[in-house]
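A.B. asks: There's a structure below that I have some questions on.
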Amino acid sequence: MRSFLKFFFAALLALFIFTALGFLILVGVAGMFAGSEKTPVASKSVLYIDLSTGFSDRKSDNTFAQLTGDNDAASLPLYDVVRLIEHAASDSAIRGIYIKSNDNANGFAASEELRNALLGFKKSNKFIIAYGDVISQKAYYVANVADKIYCNPKGSLDWKGFASQLFFIKNTLKELQVEPQIFYAGKFKSATEPLREEKMTDANRLQTSVWLGDLYTNFLLSAAETRKLDTAQLHTYANSLAVQTASDAVKYNLIDGTRYDDEVKEELRSRLGIGKDDKINFVQLGSYADAVSLSKYNKDKIAIVYAEGDIVYGKGEQGQVGSDEFRTLFAKLRTDKSIKGVVLRINSPGGSALASEIIWREGELIKKSGKPLVVSMGDVAASGGYYIAAPADSIFAQPNTITGSIGVFGIIPNLQSFFKNKLGITFDEVKTADNASFGSVARPLTDMEKIIVQREIDTIYHDFKTRVSDGRRKDMEYVDSIAQGRVWTGERALEIGLVDQLGGLNDAIACAARIAKITDYSLREYPQPKTLLDMLKSSYGKNVKTKAIKEELGNEGFMLFEQIKRAKSMVGTVQARLPYDIIVE
């Protein structure tokens, strides 16, 4: 009887779960059919943009938001946001844009694309109002395009200049008796510095000073242009910490006034010509995306391929660039006769050197098929991210894009002393050949093994430079002089020939169409979204786990957590990766 009840309740639970899952799928399908009919936007609407929402390049995998129709909870891709802003400029129902400007979760290049789209919107003579309680510098970088930018009277505008801090764990590893055993090629390739140094090397300090200075200069120029101010004076304000309060920001003409939220809403009602008690029709970006159509159909197509995240060997996961997935995808694009050109949108710090080589080869085959390959760089397209860009016919970057970092490294830690002296663990082995345990973390490398590893690093570095030399049509000696693992901004990369033009994804698409000699075309984006069933099987658990970790650790803690995970994945494989995550405070 007890056995019967156990199986009965197990079957009942399975039936309940199956019924609930079926109900969710039906709701999702019904929502998709309902969503096929566009709901028009009401007149006198205001498009609402919250900069604290990070807009990735690839469409976010948010299964349950789609099932419930809660599309505003899902982050739209950056290119969709740009196109929605462009569409709003000619949409008679949209009278203006409201920018919530507390913080900005987007990188500097993504912010540049948003900023340029908003500047284009202003040409329609519609208003843009920005407001924040505490406005960060990165939020201000976008918000200063507004006709009016306001701050809470008791709030503040951050104005202190830029800083980039690194942490070093050489002494921690020493205390733990862990020997990193590091190999690298390129004097600027500083990815391993936190493991082998107590502070920045002179080379790393130089490159960081240059790229950080470039970002800061662009930040000051943007404010100077829109606020009609002098960059030297703006720098003085930062140096002296002159902007302590919102009133100081008004005093120095960085913002237009201090107002409470209700007072800003009152001005919006006045601009819209509605009553003081009337509700303002704010249209969230997700709702606006549901209300308008950004796509069109044409037999000729330009493919946009999003390479976003770490480059990894194999299939890869959500948020990674897997070599297997991209090899299959590029092979499909080569043989698809409707695809007339490919735009590779890269937002990646690099990763596995082998995976980068595999994807590079696929780019070469695209070109050999006669189809143009154009690269659009996002926030970061460095190291392996530049490797896969090398075969392009033309490369576009934003002035604030972080690129270059042409160099490689490898780490094989020796944990023998740590295991023995800290954990009381010892190892023994039986071998059929002298070097059968080559690469084991339980013992130090021999001198011969170290020579072999360094030789492999040097060979891959030479291959990397060769790919760049061939792709950019520059001799190896020159490539070596601008390589060495050095990080460059897009603006400087243009000067030294690593990129061809400054511009965004729209510019890259237009370039691909010109090379392909087509004027009327539609866009097809890859990797294509997963099916509803695939997302139900794979995404829910990962999304819940990631969200929980992020909530507990906060953004900075979560980034550190991701760095530790990434460091673990680097052990024993040659990496073509950016020296560190670009974090600017």
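The values are calculated or read from the model by the stated rules, or taken from the named source; none is laboratory data. Owing to the predicted nature of the structure, the values given are computational and were not obtained by experimental measurement. Here the Cβ is made from the backbone with ideal geometry for all residues, glycine too, and neighbour counts use every protein chain on show.
Here is a yes/no grid of residues against (1) among the acidic types (Asp, Glu); (2) modelled with pLDDT of 95 or more:
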site	(1), (2)
ALA355	no, yes
GLU362	yes, yes
ILE388	no, yes
ASP393	yes, yes
THR401	no, yes
PHE427	no, no
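A.B. asks: Filter the stretch 275-298 down to residues that are exposed (fewer than 12 other Cβ atoms within 10 Å of the Cβ) and touching a residue at least 60 places away in the same chain (Cβ under 8 Å) and give me whichever is nearest to THR39 (Cα to Cα).
C.D. replies: So, considering only residues that are exposed (fewer than 12 other Cβ atoms within 10 Å of the Cβ) and touching a residue at least 60 places away in the same chain (Cβ under 8 Å), the one nearest to THR39 (Cα to Cα) is SER293.
A.B. asks: So is LYS100 of a type outside the set (Phe, Trp, Tyr), surrounded by fewer than 20 Cβ atoms within 10 Å (Cβ to Cβ), in contact with a Leu (Cβ under 7 Å, 6 or more places away or on another chain) and more than 17 Å from TYR252 (Cβ to Cβ) or not? Before you say what the answer is, go through the steps one by one.
C.D. replies: Working: of a type outside the set (Phe, Trp, Tyr): yes; surrounded by fewer than 20 Cβ atoms within 10 Å (Cβ to Cβ): yes; in contact with a Leu (Cβ under 7 Å, 6 or more places away or on another chain): yes; more than 17 Å from TYR252 (Cβ to Cβ): yes.
Judged against the criteria, LYS100 is a match.
A.B. asks: ASP230 versus (1) among the acidic types (Asp, Glu); (2) over 30 Å from ASP480 (Cα atoms); (3) surrounded by 16 or more Cβ atoms within 10 Å (Cβ to Cβ): which is the lone unmet condition?
C.D. replies: (3)
A.B. asks: For LEU272, all conditions in the list (1) crowded, with 18+ Cβ neighbours inside 10 Å; (2) closer than 30 Å to LYS59 by Cβ; (3) over 30 Å from the mean Cα position of the chain (by Cα) hold save one; what is the number of the exception?
C.D. replies: Evaluating LEU272 over (1) crowded, with 18+ Cβ neighbours inside 10 Å; (2) closer than 30 Å to LYS59 by Cβ; (3) over 30 Å from the mean Cα position of the chain (by Cα) leaves (2) as the failure.
A.B. asks: Go through (1) closer than 30 Å to SER481 by Cβ; (2) buried (at least 18 other Cβ atoms within 10 Å of the Cβ); (3) of a type outside the set (Ser, Thr, Tyr); (4) touching a residue at least 24 places away in the same chain (Cβ under 8 Å) and name the single condition LEU220 misses.
C.D. replies: For LEU220, the exception is condition (4).
A.B. asks: Out of ALA390, ALA381, ALA442, ALA355, which single residue is crowded, with 22+ Cβ neighbours inside 10 Å and assigned to a loop (DSSP other than H, G, I, E, B)? Steps first, please.
C.D. replies: Numbers: ALA381 fails: assigned to a loop (DSSP other than H, G, I, E, B); ALA442 fails: crowded, with 22+ Cβ neighbours inside 10 Å; ALA355 fails: assigned to a loop (DSSP other than H, G, I, E, B).
On inspection, the qualifying residue turns out to be ALA390.
A.B. asks: Which condition from (1) under 30 Å from THR208 (Cβ atoms); (2) not assigned by TED's automatic domain parsing to the domain that holds VAL250 is the one that ARG115 breaks?
C.D. replies: (2)
A.B. asks: Moving on to the next point. Which residues, counting only those in the stretch 71-87, are out of contact with any Ser or Thr (no Cβ under 8 Å at 6 or more places or on another chain) and at pLDDT 95 or above?
C.D. replies: Of everything in the stretch 71-87, those that are out of contact with any Ser or Thr (no Cβ under 8 Å at 6 or more places or on another chain) and at pLDDT 95 or above turn out to be TYR79, ASP80, VAL81, VAL82, ARG83, LEU84, ILE85, GLU86, HIS87.
A.B. asks: Give the residue that is surrounded by the most Cβ atoms within 10 Å (Cβ to Cβ), with candidates limited to residues of the stretch 134-159 that are under 24 Å from ARG95 (Cα atoms) and under 26 Å from the mean Cα position of the chain (by Cα).
C.D. replies: ALA143
A.B. asks: For the stretch 192-240, list the helices (runs of 4 or more DSSP H) that sit wholly inside it and hold at least 2 residues that are in contact with a Lys or Arg (Cβ under 6 Å, 6 or more places away or on another chain); which are they?
C.D. replies: Details: elements: 193-196, 202-227, 231-239.
Qualifying helices (runs of 4 or more DSSP H): 202-227.
A.B. asks: Another one. In the stretch 107-138, what count of residues is obtained for those that are more than 16 Å from THR226 (Cβ to Cβ) and in a loop (DSSP other than H, G, I, E, B)?
C.D. replies: Residues that pass the stated criteria total 5.
A.B. asks: Which pairs have Cβ atoms under 6 Å, sit 6 or more apart or on different chains, and link a residue in the stretch 470-489 that is under 26 Å from THR208 (Cβ atoms) to one that is of a type in the set (Asp, Glu)?
C.D. replies: So the pair list comes out as THR489/ASP214.
A.B. asks: Return the pairs, sorted by first residue and then second, in which the second residue is outside any helix (DSSP H, G or I) and surrounded by fewer than 21 Cβ atoms within 10 Å (Cβ to Cβ), the first residue lies in the stretch 492-509 and is at positive phi, the beta carbons are less than 7 Å apart, and the residues are 6+ apart or on different chains.
C.D. replies: Final answer for the pair search is GLY497/LYS474.
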